[in-house]
Amino acid sequence: MKFEHSGTVKVIHEHHHYYHDGHNSEVGDKLDEVLTRLKAMKQYDQETRRQVMLDLSQLESEVARNTDVIESAKLVFTRLADEIEAAKNDPTKVQAVVDKLRAGTDGLATAVAAHTPAAPPTP
């Protein structure tokens, strides 16, 4: 609402407040439903966050484990190269290194196959 007084424009803001007196149960029921849904959404969000944190923790553990395995493999290959170098002039020692390499390769192939997930189906 506006009115002028002595050349000055004054504005009056009018506010209406309505209070629920308990007689309109439909509004109260709707509010209760909204609050119930909000609580359920909050609970779902909290559970989802917990699961993500668990998944992240498991992923970090697997990365650490894989790093350890990679470092171990590097060490095995370095030692193997050293053994081949030392045995290069002795056919019996070379054959022993070859046999050791085959045994290790078979074990590695079995472990890789056991821990490799199946390929996803082609769409």
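A few points about this structure:
- Summing charges over all other residues whose Cβ lies under 12 Å from the Cβ of residue 72, with Lys and Arg as +1 and Asp and Glu as -1, gives +1.
- The largest-to-smallest principal axis extents of the Cα set in segment 26-114 are 95, 19, 8 Å.
- For segment 100-116, Karplus couplings with θ = phi - 60° (6.51, -1.76, 1.60), whole Hz, Gly/Pro x: 5, 5, 4, 4, x, 5, 4, x, 5, 4, 5, 5, 5, 4, 5, 10, 9
Readers should treat all values here as calculations from the given coordinates under stated rules, not as data from a laboratory. Computed from a predicted structure; not experimentally measured. Cβ: placed from backbone, ideal geometry, glycine included. Neighbour counts: every protein chain shown.
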